[in-house]
Every structure is written in structure tokens, then in C-alpha cells.
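The values are calculated or read from the model by the stated rules, or taken from the named source; none is laboratory data. Values in this document were obtained by computation on a predicted structure and should not be read as measured data. A quick note on method: Cβ atoms are made from the backbone with ideal geometry, for glycine too, and the neighbour counts reach across all protein chains shown. Surface accessibility is based on the protein's heavy atoms, side chains included, excluding ligands, DNA and RNA. Shrake-Rupley method; radii C 1.70, N 1.55, O 1.52, S 1.80 Å.
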Protein chains: 2
Amino acid sequence: MLKIAMFGYGNLGKAVVDAIDAARDMELCGVIMRTQSLHKPKVSVPVVDDVSKLETKPDVALLCVPTRAVPGVAELCLAQGINTVDSYDIHTDIWELRQRLDMAAKKGGATAIVSTGFDPGGDSIVRALMEVLAPQGKTFTNYGPGMSLGHTVAVKAIEGVKNALSMTIPLGTGVHRRLVYVELLDGYAFDDIAAKIKADPYFVNDETHVYLESNVDSLKDVGHGVNMVRKGVSGKTHNQLLEFNMKINNPALTAQAMVACARASAKQVPGAYTVLEIPVIDMLDGSKEELIRRLV
Amino acid sequence: MLKIAMFGYGNLGKAVVDAIDAARDMELCGVIMRTQSLHKPKVSVPVVDDVSKLETKPDVALLCVPTRAVPGVAELCLAQGINTVDSYDIHTDIWELRQRLDMAAKKGGATAIVSTGFDPGGDSIVRALMEVLAPQGKTFTNYGPGMSLGHTVAVKAIEGVKNALSMTIPLGTGVHRRLVYVELLDGYAFDDIAAKIKADPYFVNDETHVYLESNVDSLKDVGHGVNMVRKGVSGKTHNQLLEFNMKINNPALTAQAMVACARASAKQVPGAYTVLEIPVIDMLDGSKEELIRRLV
């Protein structure tokens, strides 16, 4: 049994507890939370503020903390010889994170699997596979309909916004519409706020609609989707058509991908890996023979 | 530059020549054909009947021979330290082939990648990935519309059949319709032949329609398709919906997958591998940094 520690206990953390519970080959041995929250996690394992305070040393730490906290927490674990799995989602910095954690992992004799989940994660493997099968051509990743965390945070940062939610609507060929729902603080004009949102770098290049709402929380739904399309060339044969679709609960899928990578982390030599660098079979529970007979 | 030798020169072999030609990191160094065919291959490299007769020793042999000839030809190459890649497609025997070639590969200090292409191959990776993301549930692989080689061969083996073609039509949830087009030899009754086809183990469990044709060759089209659908559970969250579709030229896709695996074969330690056991990134041309920045 792989012993798993979990950092953080938000939406993702709760889904991770479920995914560990459903896995036959691992068990949760503790939750690590930096700040003592008002709401105690509903888990039957120790909740501590430092991983070294756990009675059993975990094999793997699943980092369910905000993306920007990932590098620091990961280095802390790797230095103690604990593998890490994260869902770091700033696409432009993934290579840098991998390089940074590669050093820390090799030094600690552990493994780090970076940026797994929905996208980056499952989508990344499909994007790579599509290029394997049809190397010349263009892949369009169409996200949604679903909530965009990054865009929501950007709206919430605007002065006068009390609560917000940004939905991503796919229009095809990588073009997206943004639907932004806002509650405002007293004394702010909707038209001014809407103009500021549309001028924000997150929104300025997309078709953006802003709506005033009385209760933004009532619109929340963590369902998400993706439609990936590639029309490409295999050898010298054009018009090869490939497509991948998901309609999923995002935290549940991300948590499941993290649990699968926890399993894979125990099968790699020390170092850091993106999901493209790991054999898919290492992410699955079962013997090689059973999996190959059933899936190849 | 990886030096590639190719065994066989049928539909698949021709597509492999194209795919090697389109790849920047490899070159064809020879074609090996057991029997001297009437039609010389249209290639600018030596055509020989034994791989040892090639002036340059190849790094990898791509086996474009009939599936049943794969194990023998592969062992011959592996014994000489030449990596092999095949598209062996008898699903029930893939594990046995892998085990057999694993021994040969380790003895020869080479690598063998077995059963790549359309299905097994690309589909296998997607099937495994779908289980990674939603481990509980059922995946349906719906093939077609497209020609089925195995079913076509079964019809041709029936006495009185001069030429035949069997099409696979997907009806969803893994159920398929078979459309069989036949030309008959003189003196055979269509109704008798149709009854025999429908009673054949290849067809007896499927909805099968048999049609008499005057020119079966005029119906040939190597386009094929697949629709893979999984509705499953991530952690404890049900109704996770995943789907993968391809509409492709089959020999071109299979050839491209083989070329990608030739590249990957040079990056593994001696032994035999199915596509699930290889990191997807190893199949792609480019530096790790460039690929990870672009695809993760």
C-alpha cells in the first residue's frame, strides 16, 4: 500500500480523499494544512501543519495547494525523500518548474510529477498522441463550457467587484467567448466595471459579455469540458481527422489524475517528470500482463 | 540520423517509405523482401532478401510483413542487435508476443516495440488514458466505417468466393454491422455462399448483410474510423464522459505510428514493449524542452 499525504483541503483536496478511498493500492496517512482552518477536514487521519509531524512518513505527497505555492511545498517534500504530485497549471512555466523540481528530486532521492490533471494533464497526453499519429497539422483545444479559475480571479481583483465567475464558452478553432457574472460592492457603476473587465488583458482579445447578478455563488458548477481537434498529415497522407472530447467534473478528474500519478511516481527513478515522460501503464493499478491483455 | 530497414513492401510498406521520408531524424537504408516480387519497389535504396546483405547495418527494422510472420522476422533482427517495430494485430496474443520478443531483445541487446498502429496502437493509449482518468466504468470501441482485413480474409477462404471485401459499420456500444461484398466463381449459388458467410464464427454473432458484386476491387477504400466512448467514475464522482474519434487512412496512420515507435525504440533499454510502456514523448521528434513547452 502506497502511503499518501495530502497538502491542502479545498475542492481539489476533498476530491483527492475520494479518489484515494476508491483506490485499492494506496491509503491516506495524513493531511497537512499550513493555517488552522475554522472547518476541520472530515478525514479519519491526522491533520497537522508540518509533514514531519506525521507518525508514518508518506511515500507520496499530493499537493492540493494554490498553484503558486506548489514549487516551495514540493521542494520541502522532495528534500525529505517524499515523492510529489501537483496540478500546477501555469502553462508557460511548466518547463521551469520541472527543471527546478528535477534538481530537488534527484538531491532527495525522490520523484516529482508536475502539472497533472485536466489541462495540463490528460489533454497534454492526447495533444502529444495526436502529433505522434499525424505530425504535420494544427491541434485546436476548445475549452468549456465551464468555469475558468484564472479568469475568475482576474475579475475578482478589479476594485468594486464583490463576487465573480467567468465562464469559458468554446466557439471552435481555439476561439472562446467569455461570460462574466459579477456582484458589485455598493457605490460602483456596472458600466464602468464591465468596461474595465473587457479591457483586462485576460479578456481584451476575446468576445466578452458581462452580466450583473444578485447571487453569483448560485451559478457555480465545477463541470467542465474540452473538445480537441486535429486535422493533419501522416507520412504524406493529408486529411487525417482526430478528435477528443470530455465532459467532466473538473476537481474529480484532476484528483483522479493526481492519484494515478502518485502510483506512477513510485515506479520512476529519482527526478521530475511531466505526464508525457511517464509510460501510461505506470498510472494504472494492476499487473502488466492483465493491463496489456485488456487494453492494448 | 536513425537508419531504418523495412521488411515487406505492400500497402503498409509504401506508406512507411512516405513516413520515413517526411521524418527529419531518420533515413531508409534498405528494403528486405523474402521473395523476389515481379514489381520492384520504387525506392532508391538497396532491395535485398536478407538483412545481413545490407551495406549499412540498420538501427531499426520496421516489419511490414503479414502479422503471422512477425515473431520469426523480429527474432531474426533482434538476434543481430537490430531494434524492431511491428503492427502485430492479433489482440489475444499480444502479451505472448511481447514476452517472446522480450527474451530475444534482451539477448540481442536491442529493443522491440510490438503491436503499434491504429488498433492496437493509438487506440490502446487512449483506452489506457481513459481508465487513468475514470477508472470505474466501461469503454466501448466502435470501429469503422471501414474495411476489416480479418473478416475479408475469412470470407475469401470460403469455397466459391472469387473476391471479397468486408466492411465494419459501428452501431454504437461496441455492436457492429458487417457488410460483405462478394464476387463468386462460376457454378456457385449466391444464397449458399451468403448462408455460409453468416454462419462463419467471424460473422455469426453480428448483423451481417451479403451482397453480390461484379467488381469488388472497385469498392476498396483504406479509410477507417473509430469512436471510443467511456462513461465512468473519477474517485466517487459518476458520469464522467470521455470520447475519442478518428477518421483516417489506415495504412498511413499505422505507418506513421511505426515510424514514431522506431524513434522511441532507440530511447529504451533492451527488452520488448507495448505502446503503453513507452513515454509518449519518446515517440516525438524534438527536444524535451521544446515538446514540453508546446504540448503539456
Net charge contributed by nearby residues that have their C-beta within less than 15 Å of A:T173 (K/R +1, D/E -1) | +1
Whether region B:94-190 is rounded, prolate or oblate, judged on the alpha carbon gyration tensor where a/c under 1.5 counts as rounded = oblate
Calculate the spin-label point distance for B:Q80 paired with A:R24, positioning each point 7 Å from the Cα along the beta-carbon direction, and give it in nanometres.
-> 4.5
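If I stretch the segment between A:T35 and A:D192 completely, what's the gain in nm (0.36 nm per residue apart, minus their alpha carbon distance), one decimal? Spell out each step's value before the answer.
Numbers: separation 157, 0.36 × 157 = 56.52 nm, distance 3.67 nm.
Gain in length upon complete extension: 52.8 nm.
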From the Cα gyration tensor of the protein assembly as shown, with a ≥ b ≥ c the square roots of its eigenvalues, which class applies: rounded if a/c is under 1.5, or else prolate if a/b is larger than b/c, or else oblate?
-> prolate
Report the longest stretch of chain A that contains none of the trypsin sites (Lys or Arg not before Pro) sitting in a DSSP loop with at most 12 other Cβ atoms within 10 Å.
-> A:43-219
Using the Cα atoms of region B:228-296 to build a convex hull, what is its mean projected area in square nanometres?
-> 7.1
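Per-residue ellipticity at 222 nm for chain A, helices alone: DSSP H runs ≥ 4 residues times -39500 (n - 2.57), over residue total, nearest 500 deg cm²/dmol? The partial results should precede the final answer.
Values: 8 runs with 90 residues, N = 296.
Rounded to the nearest 500, the figure is -9500 deg cm²/dmol.
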Taking a cut-off of 20 Å between Cα atoms, list the lysines near B:K156, but don't count ones fewer than 8 places away on the same chain.
-> B:K196, B:K198, B:K220
Using only atoms on other chains, find how many Cβ atoms lie within 10 Å of each Cβ of peptide A:253-263 and report the average.
-> 4
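Rounded, prolate or oblate, given the Cα gyration tensor of chain A, with a/c below 1.5 counting as rounded?
Working: a/c = 2.02, a/b = 1.18, b/c = 1.71.
Judged from the Cα gyration tensor, chain A comes out oblate (a/c at least 1.5, b/c at or above a/b).
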Which of the lysines could a cross-linker span from A:K14 if the Cα-Cα distance has to be under 16 Å and same-chain partners fewer than 8 positions apart are dropped?
-> A:K40, A:K42, B:K236
One point scatterer per Cα, no solvent, Debye formula: log10 I(q)/I(0) for region A:1-104 at q = 0.24 Å⁻¹ comes out as -1.40
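Normalised by the number of residues in region A:28-67, what is the relative contact order in percent for Cα pairs under 8 Å and 6+ residues apart? Can you show the working numbers first?
Working: 31 pairs, mean separation 16.4, N = 40.
41 percent.
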Pairwise label distance in nanometres, A:E55 with A:L241, each label 7 Å out on the Cα-Cβ vector | 6.0
Partner lysines whose C-alpha sits under 20 Å from that of A:K107, ignoring same-chain residues fewer than 8 away, are A:K57, A:K267
Taking a probe of 1.4 angstrom, what is the accessible area of B:D18 in Å², to the nearest 10?
-> 50
So, in nm, how far is label A:V269 from label B:A157 when the simple model puts each one 7 Å beyond its Cα toward the Cβ?
-> 4.6
Quote the relative contact order of chain A in percent (integer), defining contacts as alpha-carbon pairs under 8 Å separated by 6+ residues.
-> 20
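What is the Å³ per residue value for the convex hull set by the Cα atoms of region B:25-169? Please report the intermediate quantities before stating the final value.
Values: hull volume 26.0 nm³, N = 145.
Value for region B:25-169: 179 Å³ per residue.
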